[in-house]
Amino acid sequence: MTEPTILAIESSCDETAAAVIRGGKVLSNIVATQAVHEQYGGVVPELASRAHQQNIIPVVSQAMLGANVAKNELNAVAFTRGPGLLGALLVGCSFAKSFALGLGIPLIEVNHMQAHILAHFIDDPKPAFPFLCLTVSGGHTQIVLVKDHLDMEIIGQTTDDAVGEAFDKTAKMLGLPYPGGPMLDKMAAQGNPEAFSFPVGNMPGYDYSFSGIKTSVLYFLKNQTKENPDFVQDNIANICASVQHTLIKTLLKKLVQASQDLGIKEIAIAGGVSANTGLRQALQNDGSKYGWNVYIPAFQYCTDNAAMIAIAAHYQYLKGDFATQYVSPEPRLRI
Ligand code: KG4
Ligand code: ZN
């Protein structure tokens, strides 16, 4: 079977998503975003699991209907095994297992971070191997050497907070509503990136550290508001632009270094933070400067979705990489 039809499910965090893919072509891609977390200013794991439980059947039904595929046409069912929140992963995993068992078809376990990277193989242009992928999300910050679809090596990563966390926590300190990253991005577009400067940790090799910047933003805001209680209100766009600029500069410095050391000019970004306008622009600029072929995912494939799980499952299916019914979620799964 070279044109497998696969149902893929993603439930690692706060999006319940399902997609159907046939022969590597995405036929449907449904995402239900869980609004319940907004009032808490962040994802509440128990509420995420409950919302997945409520959403999973309607989301899968919509994906099947949208693709115009009947259950008996499916060749496999794929799901995100990890990394992610245990209770959230359990919903997708249990659903996929039951569905596959009921239909008597194979089960495919997908690594969420590999899937973010493989989203580049949904549409053209596709990166050539080997390429470097800066994978930036709410839980991860990694530079990955991608040797083949399913052969990846992390060559650098954060030693503490993920860059998405730095975006979200800064946004929270500024009183911006959840989800903070996209809001900070919007505000930054109207500000001056050089208005304020923040120190960043210098880690060895291709590793990162983002916890320091969070602390420096916190003290900066404390000091400034002591003198002017309206400081945040008066300077919000400039603060957002300056923090975003610092984060992007840090991310790209190590990526440039890795590209030069390894002599690789095929460069991609992936994960939720790759939706950031400033990062997309800065990567294009570095691409022109260093002669890279730059690959930036379409917005719908940056943040969590099931099309990326489906494309990963497609390559795993071709390789015969199937899971057993004993598989369980792995919250700390690594590439
Ligand atoms: O990949 P993703 O959807 O979920 C995880 O696997 O973590 O990434 C979510 C992260 C959050 O931290 C969110 O604030 C961030 O991606 N994000 C952004 C933007 N859109 C999403 N950060 C900065 N600018 C954006 N436009
Ligand atoms: Zn993700």
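The values are calculated or read from the model by the stated rules, or taken from the named source; none is laboratory data. None of the values given here were measured: they were computed from a predicted structure. Note that we place each Cβ from the backbone using ideal geometry, even for glycine, and neighbour counts take in every protein chain shown. The area values use the complete protein model at the heavy-atom level, side chains included, leaving out ligands, DNA and RNA. Shrake-Rupley method; radii C 1.70, N 1.55, O 1.52, S 1.80 Å.
Listed values, structure above:
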{"item": "Selection status of A306, within 16 Å of ligand 1 (Cβ to nearest atom) and among the aliphatic types (A, V, I, L, M)", "result": "yes"}
{"item": "A70 vs. criteria free of Cβ contacts under 8 Å to residues at least 60 places away in the same chain and more than 13 Å from the chain's Cα centre (by Cα)", "result": "yes"}
{"item": "Selection within the range 243-272 - open to solvent by 70 Å² or more (accessible area, probe 1.4 Å), closer than 14 Å to F131 by Cα and of a type outside the set (S, T, N, Q)", "result": "D261, L262, K265"}
{"item": "Hits in the range 184-204 (condition: open to solvent by less than 50 Å² (accessible area, probe 1.4 Å), out of contact with any Ser or Thr (no Cβ under 9 Å at 6 or more places or on another chain) and either assigned to a loop (DSSP other than H, G, I, E, B) or outside the structural domain of L279 (by TED's automatic domain parsing) (or both))", "result": "none"}
{"item": "Test: residue in the range 233-242 that is in contact with a strand residue (DSSP E or B) (Cβ under 6 Å, 6 or more places away or on another chain) and open to solvent by 50 Å² or more (accessible area, probe 1.4 Å)", "result": "no"}
{"item": "Residues located in the range 299-314, provided they are open to solvent by 10 Å² or more (accessible area, probe 1.4 Å) and within 15 Å of ligand 2 (Cβ to nearest atom)", "result": "F299, Q300, Y301, T303, D304"}
{"item": "Odd one out for G82, checked against (1) in contact with a Lys or Arg (Cβ under 8 Å, 6 or more places away or on another chain); (2) open to solvent by less than 10 Å² (accessible area, probe 1.4 Å); (3) under 17 Å from Y315 (Cα atoms)", "result": "(3)"}
{"item": "Positions within the range 146-176 being within 13 Å of ligand 1 (Cβ to nearest atom), touching a strand residue (DSSP E or B) at 6+ places or on another chain (Cβ under 9 Å) and part of a loop (DSSP other than H, G, I, E, B), in sequence order", "result": "D161, A162"}
{"item": "Of residues in the range 127-145 being near ligand 1 (Cβ under 10 Å from one of its atoms) and open to solvent by 20 Å² or more (accessible area, probe 1.4 Å), the one nearest to I236 (Cα to Cα)", "result": "G138"}
{"item": "Some residue of the range 18-39 being among the small types (G, A, S) and within 13 Å of ligand 1 (Cβ to nearest atom)", "result": "no"}
{"item": "The range 101-145, residues that are within 21 Å of D207 (Cα to Cα) and either within 11 Å of ligand 2 (Cβ to nearest atom) or assigned to a helix (DSSP H, G or I) (or both)", "result": "H112, M113, Q114, H116, I117, T135, V136, S137, G138, G139, H140"}
